[in-house]
Every structure is written in structure tokens, then in C-alpha cells.
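Okay, structure first, notes after.
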Ligand code: LFR
């Protein structure tokens, strides 16, 4: 018996990939068949996703998947970043390019939203952290535009791509939870608050859960990709972080995870949301995960801080080589300059070295003087933010941990993994890098009957087939002092 093959489409903020997973009893084997850049485009002053180029990348990847499997894949699942959406008219045509969550159109909008629904009430209803990019703020910013008036439907990014591939529309639950319009306790729309904001949640097609059937590839898609039909599309944890957390190779429940990529998403997997005022003040979010879990986590700026520095240096005519920079950063003395990696001042694109330098200067820390010093400052700051998120999440939820898992691209960053182990005072298990694709593929494989079991069983399959690295903690005292200093700097 040949193992069944599934394609995972995993779109990140800086690149997209199509990965083929062959899954049989006791085996999972991944092959990346196509990787393509995700380059946002500023048009008329608004930052957009280049959605057709992403869709072309998906088709190209499926064609590659067909070539490697004799046209025989059993299924496709799609995950991407959260919160963003496309609007469709009454005939299903896309009305304009989806706007990027880092665009400034939501500046000042949260204030308007909280005037209609106080922040505490919105948190009690949806469990979602304050972030200017949440779908709720984007929809309020879009309300009143001719485009919005013509819209009959909103599709979150993975749902939009699935609609183009299958002709069928749905709203996948884990990603729907990031809109800040859904009640994570009931898994239903929070219509009470939505109505008060002038948002009709019926613009989102019916909800579907990870594992639900989401249609078959259209005939023209089969023809274009050389795949032999029927090929089912399965709803997976379509929020990339939901798939990444499903792909954490944890044993038992006493673990924290950090999904480390453009963002660091750091937190715990819980059975139920935590919606206390303390939790809101600490800006923890309750997103839904695979199999009814809650992803209780904090958004930390992540490698975005470095990516945006690299972009700036290249723009100034001094491009840096990433490997060289990581090696040089390891030689810079630790913990000299720290910034608050949760600070939303770092959210928008723009001159990142300047913003980091300003923050260091304001705090009285030495201003990094070369790229290696910036990189060191960034990794130390991320490790400190990881520590705070891991500690605070335990305090606020009462759920203790004894291991921290780092998954995603950041699992390859040894300096960051070791600093995180030191800062947390806990062992860090790093990998797999492609956790999101693994989570995506295993949820599909289970829906097709190629594997069975609970989320814990899927994770044990990952443990048996992938080889993570372990970093043991060393001397935490320096980090205790750094954490105290950082806490003293924050406004109360
Ligand atoms: C990571 C991620 C985060 C989400 C951010 C914006 O790729 O999906 O979980 O907060 O992107 O959508």
C-alpha cells in the first residue's frame, strides 16, 4: 500500500510554500515542492497583498505536486496568516485586492470601536487581544466605502483561495476566531457586539471546522494543475498559527509553544478561554485551535524586527547576509540593549533601525552601532518577551509548564533558541521548522482516514518522525534582572 499524499498550502507574510506530505500508519514524510515570495504592494498609498500572484504560486505548487505524485494527491489544505479578507460582489467577483494588516487605514479606528463597544466588553465577548489590525477594525475602517457597499460576502484569505479552487465558500473556525467577532466559548459569531459596530457577520459564509470537507478542486483547476480528480479540499486549522500549534511535537499538556516566524506567537494550549480583566490588561488572546482547543497566546513582533532592518539596510545600499549576521550577533555581548518586542510602534513597515535606536536611547541603553549589534538587541529582546509571555500565560491561566517548544523558521535560529531557554529557565525543544505544514497535513490525513486519533496521537506521530533539537537553560539571573528593568520601563 502506497502512503496517501496530501498537499499543504502554507502562506506566510514573507513567503508561500506548497508541501507534499506522504502519510501512512506511523509515517509522515514532507517534501517542499514549491516556494514563492510574498511581496506586498503599496498602491495609491494603501498596502495590499498581491493575491493573484499568491494564487498563481498555489497553482504552480499544485502542478509541481502533481508532477511528483503522478497526478495523485488525495487532498489539499490551506493555511495563512490571519485577520485579512477579500470582499466579493453578488456574483462572487473579488472587489479589489485584500489590504495588508500592516496598512495604516486602521489608525484611530480602535478608539471609534471602543466608543461603541468598550474594550472590556469586546474582550469579554470575543477573548481577542487589542490589536489595530483585527478584522473588526478593518471592517469598521472599510464601512462606508463604495467597495464595502457593493460587497455581499467577506472571505478570509485561506477561505478566498479555497473558494477559487473549489467554487465553494465557507469560513474556517480557527481563523474566524481572529476576527474579534466570534465567541471562543460557543464557537459562534458574537452578533451582539457585531451589530453595535454596524457589522453583519452573515457576510461571512457558514462556519466550518478543521477536518470538515470544503469542496473538490474545480475541473479547470484540475486541468491546469494536471491533477487527477477528484481532489478534496479539507478545512484545516486555516490560521497558520493554529496549524503550527497542532504541529508542536509536545508530550502531555505541560508545555508552552512559540510559533516563531515573522511573528513570535507565544503561549499555551488550553481547554477554555481566559477572559479576565487581568488577562485583557496583559493583552493575551484566546484564538481557537484544532479539536476544540484554545490558543492562549501573545503576539510578539518576532523576526519582523530583523526582516525590516534588513530591508532598510538593503535600501541604503548595504545589504546584509543573514548567515553572517547571525554568526556576528553571537559574538556581541548579551543583554546590553533591549527593546519591548510587544510594542506596537514596531508594527508598521518603515525605518526599523531608527525605531529600535530611538527606543534604546529613550531607555538609556547603548544604541546599537552596527547590524550585528542590532541583531543581538533584537534576539535578546525577543527572548525576554518569550519569557514574559510564558510566565504570564501560566500565571493568568493557572496552567503550568515544564517545556517550551519553538516551531517554525525560528527553530533554526540557535542564538534565539538558547537565549529563550536561558530567559525562561526551561528546556527549549526546537523544531519542526515546518510545523504549520505538518499540522495542516495531519488534519487532512485524519479526515481522509489515513491516520486516526486525538491531537495528542498526531503529535506523537510527529515526535516519532521528526528530530527536534534541545537547548538546556543556563544561568537565569541576568535575565531576571533584565526582566525587572523592562517591567520598570513600561507605563503602568
Ligand atoms: C502569523 C499570524 C499571527 C497573526 C498575524 C496576523 O503568521 O497569523 O498569528 O496574529 O499573523 O495575521
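Please treat every number below as a calculation from the coordinates, not as lab data. Being a predicted model, the structure only gives us computed values, none of them experimental. Here the Cβ is made from the backbone with ideal geometry for all residues, glycine too, and neighbour counts use every protein chain on show.
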Task: In segment 297-331, the residues that are under 17 Å from residue 414 (Cβ atoms) and within 16 Å of the ligand (Cβ to nearest atom) - done: 302, 303, 306
- [ ] Among the numbered conditions (1) within 14 Å of the ligand (Cβ to nearest atom); (2) in a loop (DSSP other than H, G, I, E, B); (3) touching a residue at least 60 places away in the same chain (Cβ under 8 Å), tell me where residue 334 comes up short.
- [x] (1)
Task: Output for segment 48-58, where each listed residue is touching a residue at least 60 places away in the same chain (Cβ under 8 Å) and surrounded by fewer than 18 Cβ atoms within 10 Å (Cβ to Cβ) - done: 55
- [ ] Please work out if residue 163 is outside any loop (DSSP other than H, G, I, E, B) and within 13 Å of the ligand (Cβ to nearest atom).
- [x] no
Open item on the list: Which condition from (1) away from the ligand (no atom under 16 Å from the Cβ); (2) in a loop (DSSP other than H, G, I, E, B) is the one that residue 130 breaks?
Closed with: (1)
- [ ] Taking the options 444, 412, name whichever one is in contact (Cβ under 8 Å) with a residue 12 or more places away in the chain and surrounded by fewer than 22 Cβ atoms within 10 Å (Cβ to Cβ).
- [x] 412
- [ ] Quick one: in segment 67-115, of everything that is within 20 Å of residue 217 (Cβ to Cβ) and surrounded by 23 or more Cβ atoms within 10 Å (Cβ to Cβ), which residue is farthest from the ligand (Cβ to nearest atom)?
- [x] 73
Open item on the list: From the list 445, 437, 478, 450, exactly one residue is out of contact with any helix residue (DSSP H, G or I) (no Cβ under 6 Å at 6 or more places or on another chain) and part of a loop (DSSP other than H, G, I, E, B). Which is it?
Closed with: 450
Task: Subset of segment 254-284 that is outside any loop (DSSP other than H, G, I, E, B) and out of contact with any strand residue (DSSP E or B) (no Cβ under 6 Å at 6 or more places or on another chain) - its residue that is nearest to the ligand (Cβ to nearest atom) - done: 269
Task: Selection count, segment 46-69, where residues are closer than 16 Å to residue 32 by Cβ and assigned to a helix (DSSP H, G or I) - done: 11
Task: Residues of segment 116-137 that turn out to be crowded, with 21+ Cβ neighbours inside 10 Å and touching a strand residue (DSSP E or B) at 6+ places or on another chain (Cβ under 7 Å), as a count - done: 5
TODO: Go through 145, 135, 106 for me and flag whichever is farther than 13 Å from residue 180 by Cβ and free of Cβ contacts under 8 Å to residues at least 60 places away in the same chain.
DONE: 145
Open item on the list: Which of the numbered conditions does residue 177 fail, given that it passes all the others? Conditions: (1) free of Cβ contacts under 8 Å to residues at least 60 places away in the same chain; (2) within 23 Å of the chain's Cα centre (by Cα).
Closed with: (1)
Task: Residue tally, condition away from the ligand (no atom under 16 Å from the Cβ), in a strand (DSSP E or B) and within 17 Å of residue 9 (Cβ to Cβ), over segment 192-245 - done: 8
TODO: Go over the candidates 348, 383, 357, 375 one by one and state the one that is crowded, with 18+ Cβ neighbours inside 10 Å and out of contact with any helix residue (DSSP H, G or I) (no Cβ under 6 Å at 6 or more places or on another chain).
DONE: 357
TODO: Would you be able to say whether some residue in segment 10-25 is free of Cβ contacts under 8 Å to residues at least 40 places away in the same chain, within 15 Å of the ligand (Cβ to nearest atom) and part of a strand (DSSP E or B)?
DONE: yes
